[in-house]
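The values are calculated or read from the model by the stated rules, or taken from the named source; none is laboratory data. Quick caveat: nothing in here was measured; it's all calculated off a predicted structure. Backbone-built Cβ (ideal geometry, glycine too); neighbour counts: all protein chains shown. Just the protein is used for accessible areas: all its heavy atoms, side chains included, with ligands, DNA and RNA removed. Shrake-Rupley method; radii C 1.70, N 1.55, O 1.52, S 1.80 Å.
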Amino acid sequence: MINMQNKVAESEVIVRPLHIEDREDFLAMSKAFFNSDAVAHKVEDVYHERTFAELMRSSEYTECYMICIADQSVGYALTAKTWSREAGGLTVWLEELFILPEWRGHGLGATFLSRWLNRVEKKEKDIYRLRLEVEPENRDAMRLYRRQGFERLGYDAWVKELPH
């Protein structure tokens with residue numbers, strides 16, 4: 001059993017692609033993420049199902065990584081791809097990084113980011129920018145991202161929802 005009082009050894013953390021068998025864990029954590037203070041814009045329940053379906057269909061637009069300790073899913077990260085003229089090429093957004101509350105503060109977010117950044121920087125030569133958004137009150141996330149080399153872009157985020 002892992003001592004939850006301390007940081008988890010990086011060697012104990014498994015980061016792997018999402019599988020069909022992860023459906024229930026992913027949906028539960030996705031809903032928890034969108035009901036947390038980390039998100040200002042809530043989403044309809046059906047959006048979680050649509051996202052899972054797209055993740056199972058293809059990695060063309062989005063990818064998901066499960067963060068696990070042994071065989072227990074303790075978090076996930078969701079990325080999305082866009083073209084950015086400003087960056088001069090492909091931009092990958094870290095759309096969501098969620099760690100179950102009882103596992104926060106054990107270095108899992110930092111471990112995921114370190115591994116993901118290492119992979120992107122060494123193997124993904126067609127990616128020109130990584131981007132993410134953080135709620136202004138989420139100081140812990142800001143510190144984590146700053147330590148990993150992200151810097152504040154300074155834009156306000158705007159959105160217009162289209163009816164469906």
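Please report the spacing between the Cα centers of the stretch 105-164 and the stretch 33-67 in Å, no decimals. The stretch 105-164 and the stretch 33-67 have Cα centres spaced 16 Å from each other.
When the Cα gyration tensor is reduced to axis lengths a ≥ b ≥ c, the ratio a/c stays below 1.5 for the chain, which is therefore classed as rounded. Give me the net charge of LEU94's neighbourhood, meaning all other residues with Cβ under 11 Å from the Cβ of LEU94; Lys, Arg count +1, Asp, Glu -1. That works out to -3.
Looking at the chain, the accessible area is 66 square angstrom per residue; that uses a 1.4 Å probe and ignores ligands, DNA and RNA.
When the charge dipole of the chain is built from unit charges on Cβ atoms (+1 for Lys and Arg, -1 for Asp and Glu) and taken about the Cα centre, the candidate among PRO163, TYR128, THR62 whose Cα reaches farthest toward its positive end is TYR128. The value of relative contact order for the chain, using C-alpha pairs under 8 Å at least six residues apart, is 21 percent. Among all the aspartates and glutamates, which ones have a C-alpha under 19 Å from LYS125's C-alpha, if same-chain residues fewer than 8 places away are not counted? Output for LYS125: GLU60, GLU63, GLU86.
Taking the Cα centre of the stretch 42-88 as reference, the dipole from Cβ charges on Lys and Arg (+1) and Asp and Glu (-1) amounts to some 160 debye. Here the stretch 1-152 is treated with +1 on each Lys and Arg Cβ and -1 on each Asp and Glu Cβ, and its dipole about the Cα centre works out to around 700 debye. Restricting attention to the chain, close to 80% of DSSP beta bridges with both partner residues there are antiparallel.
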